[in-house]
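Okay, structure first, notes after.
The values are calculated or read from the model by the stated rules, or taken from the named source; none is laboratory data. Keep in mind that what you see is a predicted model, and the values were worked out from it rather than measured. Here the Cβ positions follow ideal geometry from the backbone for every residue, glycine too, while neighbour counts run over all protein chains shown. Ligands, DNA and RNA are excluded from the accessible area calculation, which covers all protein heavy atoms including side chains. Shrake-Rupley method; radii C 1.70, N 1.55, O 1.52, S 1.80 Å.
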Amino acid sequence: KTHGVNRMRTTIGGICFRPFHEQKFAEIVFLAVTGTEQVKGYGRRMMNNLKEHVKKEGIQYFLTYADNYAIGFFKKQGFSKTISMQRSRWAGYIKDYDGGTLMECKINQK
């Protein structure tokens, strides 16, 4: 599934995710904002909108592989390098990426 953000009729960012409803988590596969529009809050808004969207579907966690440039962004969005979800719940569902850091975000259900 994909969500995007537009500014003045131009797509400036997007987020792709794969929900695994039975396991109650979703993988953030890709998140990007065009370089000229970064550090303006668009990535944060996309992530907040996605969190609200997946809560309605019963998703409790996000997992993502972040590259070195994205770790700081994901930490600001509530992700951690500590994976609290049982490995048996997600192993085999998401692809392992060399050079990426696996990160988790527990979605606040309030």
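Before moving on, here are some points about what is shown:
- Selected residue (criterion: most open to solvent (accessible area, probe 1.4 Å)) from residues of segment 24-80 that are of a type in the set (S, T, N, Q) and part of a loop (DSSP other than H, G, I, E, B): Asn68
- Filtered residue count, segment 15-54, keeping only those that are modelled with pLDDT of 90 or more and more than 12 Å from the chain's Cα centre (by Cα): 5
- Per-region count, segment 81-94, residues over 27 Å from Gln38 (Cα atoms), among the charged types (D, E, K, R) and exposed (fewer than 13 other Cβ atoms within 10 Å of the Cβ): 1
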